[in-house]
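J.: Can you read through this structure? Questions will come right after.
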Amino acid sequence: MRRALLIALAAVGLMAAEPAAAPDRPLADAGQEARARALFADIRCVVCQHESIADSPAGIAGDMRRLVREEIAAGQTDPAIRADLVRRYGDFILFQPPVRPGTWLLWFGPAGLVLLAGAGLALAARRRRPDPVPLTGEEEDRLAALLATEAFRPDPDASRPNPGHEAGPII
């Protein structure tokens, strides 16, 4: 029973897998194909998200490559092709989205975080710990008396910081 269930689940998983992308058909004109390949490097795969459509094995990346080639063959300019892809998929589709109010956080957010962290570090460095209050004469006398008595001994389990150096008692 379990074996049949596992086989059924594996079969469903294999059927749900994305089909392989159709093989690319380069454009006949070498100049147009060079333009297409340059555009492929600037366009993000919506499935892989960290790869360009030139490097992605996803089926949708193959569809996007075919779309770009079709638009180049139809005479579209590179900015028009990018604008069409942004219209379909949003600014995220471009590895270098345009600078406009909707993308300011994307462009300036990291620099703002660095500046904010630097300001925080500068403020923390400017805060000084208060100077310690010196001991009064009475406190100094009491400390000297404590140090002179035999009731005050160093920890017997403590080791010397430098075993070869014979210094006074470790306090």
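The values are calculated or read from the model by the stated rules, or taken from the named source; none is laboratory data. Being a predicted model, the structure only gives us computed values, none of them experimental. Neighbour counts run over all protein chains shown; Cβ positions are idealised from the backbone, glycine included.
J.: So, in region 33-51, how many residues would count as being surrounded by 17 or more Cβ atoms within 10 Å (Cβ to Cβ), not in a loop (DSSP other than H, G, I, E, B) and not charged (D, E, K, R)?
T.: Result for region 33-51: 4.
J.: A follow-up question, please. If a residue has to be free of Cβ contacts under 8 Å to residues at least 24 places away in the same chain and either assigned to a helix (DSSP H, G or I) or within 15 Å of Leu39 (Cα to Cα) (or both) to count, how many in region 85-107 make the cut?
T.: Of the residues in region 85-107, 12 are free of Cβ contacts under 8 Å to residues at least 24 places away in the same chain and either assigned to a helix (DSSP H, G or I) or within 15 Å of Leu39 (Cα to Cα) (or both).
J.: Additional query: What number of residues in region 53-62 are within 19 Å of Ile81 (Cβ to Cβ), crowded, with 17+ Cβ neighbours inside 10 Å and of a type outside the set (Val, Ile, Thr)?
T.: 4
J.: Say whether the condition of being modelled with pLDDT of 85 or more, touching a helix residue (DSSP H, G or I) at 6+ places or on another chain (Cβ under 6 Å), closer than 30 Å to Asp42 by Cβ and not polar (S, T, N, Q) is met by at least one residue in region 97-104.
T.: Scanning region 97-104, I find at least one residue that is modelled with pLDDT of 85 or more, touching a helix residue (DSSP H, G or I) at 6+ places or on another chain (Cβ under 6 Å), closer than 30 Å to Asp42 by Cβ and not polar (S, T, N, Q), so the answer is yes.
J.: Taking only region 67-76 into account, find how many residues are assigned to a helix (DSSP H, G or I), out of contact with any helix residue (DSSP H, G or I) (no Cβ under 7 Å at 6 or more places or on another chain) and either among the polar types (S, T, N, Q) or touching a residue at least 40 places away in the same chain (Cβ under 8 Å) (or both).
T.: 0
J.: Has region 133-140 got any residue that is at pLDDT 80 or above, under 47 Å from the mean Cα position of the chain (by Cα) and loosely packed, with under 11 Cβ neighbours inside 10 Å?
T.: Yes - at least one qualifying residue is present in region 133-140.
J.: Same structure again: Working carefully through the options Arg69, Arg88, Arg65, find the one that is surrounded by 10 or more Cβ atoms within 10 Å (Cβ to Cβ), in contact with a Pro (Cβ under 9 Å, 6 or more places away or on another chain) and at pLDDT 85 or above.
T.: After applying the criteria, what remains is Arg69.
Okay, residues lined up against (1) in contact (Cβ under 8 Å) with a residue 12 or more places away in the chain; (2) under 27 Å from the mean Cα position of the chain (by Cα):
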| position | (1), (2) |
| --- | --- |
| Cys45 | yes, yes |
| Ser56 | no, yes |
| Arg65 | yes, no |
| Asp78 | yes, no |
| Ala83 | no, no |
| Gly109 | no, yes |
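J.: What's the total number of residues in region 108-135 that are in a loop (DSSP other than H, G, I, E, B) and either in contact with a helix residue (DSSP H, G or I) (Cβ under 8 Å, 6 or more places away or on another chain) or under 30 Å from Met64 (Cα atoms) (or both)?
T.: 1
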